[in-house]
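Engineer: There's a structure below that I have some questions on.
Only the coordinates and a few stated rules stand behind these numbers; no lab work does. All of these numbers come straight from a predicted model, not from anything done at the bench. Neighbour counts are summed over all protein chains in view; Cβ atoms, including those assigned to glycine, are modelled from backbone coordinates with ideal geometry.
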Amino acid sequence: MKKIIIINGPNLNLLGKREPNIYGSLSFTEFFDTVKEKYPEVELSYFQSNIEGELIDKLQEFGFNSDGIVLNAAAYTHTSVGIGDAVKAIETPVIEVHISNTFSREEFRHQSFISPNAKGVILGFGLQSYELAIQSFL
Ligand code: DQA
C-alpha cells in the first residue's frame, strides 16, 4: 500500500469559508473524505498547520518513510527558506500544489522556495490540484 500525506499550510483550515471566489466553497475535510473513498488502495493522511515549524516537523517525519508528499505550503511557499530547505533535505518526493493559479495573482505569489526542490508543481485546478498530485504518485 502506498503511503501518501497531504500537508497544508496556513489558513487552509478555513477552506470553504475563506475567499470562496478564489478557493471554492468545499471544506478540506469534506474534499479529503471523497478522495479517501476514491483511492482505497492508498494509505492517505492529512495534516494542516498554521505554524511554519510544525510543517517542517511533519515533512521530516514523513520524509524518509513514505512514498509521496503533496504539499500546499500556502503563504509560506513565498517566504519560507526553512520549508524549502526541508523539502530539499528529505528523501520522499514532494509535489507542490496550489488551488489557485498563483501566476495570475499578485507578483509576490510568483516566487516559490519549494519549486526548485519539488518533483513537480500543480496549480490552478482548484481542489483537483491535490487529486492530480496523488494520481502522479500512483
Ligand atoms: C495558495 C496560494 C498562496 O499564494 C496563498 O497564500 C494561499 C493558498 C493556493 O493554494 O492557491 O494561502 O497556496
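Engineer: In whole Å, how far is the Cα centre of region 4-36 from that of region 63-79?
Structural biologist: Taking the Cα centre of each part, region 4-36 and region 63-79 sit 15 Å apart.
Engineer: Just to be sure I follow the definition: excluding the sites themselves, where is the longest run in the chain that has none of the GluC sites (Glu not before Pro) in a DSSP loop with at most 12 other Cβ atoms within 10 Å?
Structural biologist: Longest gap between qualifying sites, sites excluded: 42-90.
Engineer: Mean-square fluctuation check for the chain, GNM, Cα pairs under 10 Å: which of Gln111, Gln128, Gln48 is largest?
Structural biologist: Per the Cα network of the chain with a 10 Å cutoff, Gln111 tops the list.
Engineer: Mind listing P(r) for the chain? All alpha-carbon pairs, 10 Å bins, whole percents.
Structural biologist: 12, 48, 35, 5, 0
Engineer: Additional query: What trypsin sites (Lys or Arg not before Pro) does region 1-87 have in DSSP loop regions with at most 16 other beta carbons within 10 Å?
Structural biologist: Lys17, Arg18
Engineer: How big is the shadow of the Cα convex hull of region 45-119, averaged over all directions, in nm²?
Structural biologist: Mean projected area for region 45-119: 4.7 nm², to one decimal.
Engineer: Okay, next question. Run lengths n ≥ 4 of DSSP H only: what is the helix-derived mean residue ellipticity at 222 nm for the chain, with -39500 (n - 2.57) per run over all residues, to the nearest 500?
Structural biologist: -9000 deg cm²/dmol
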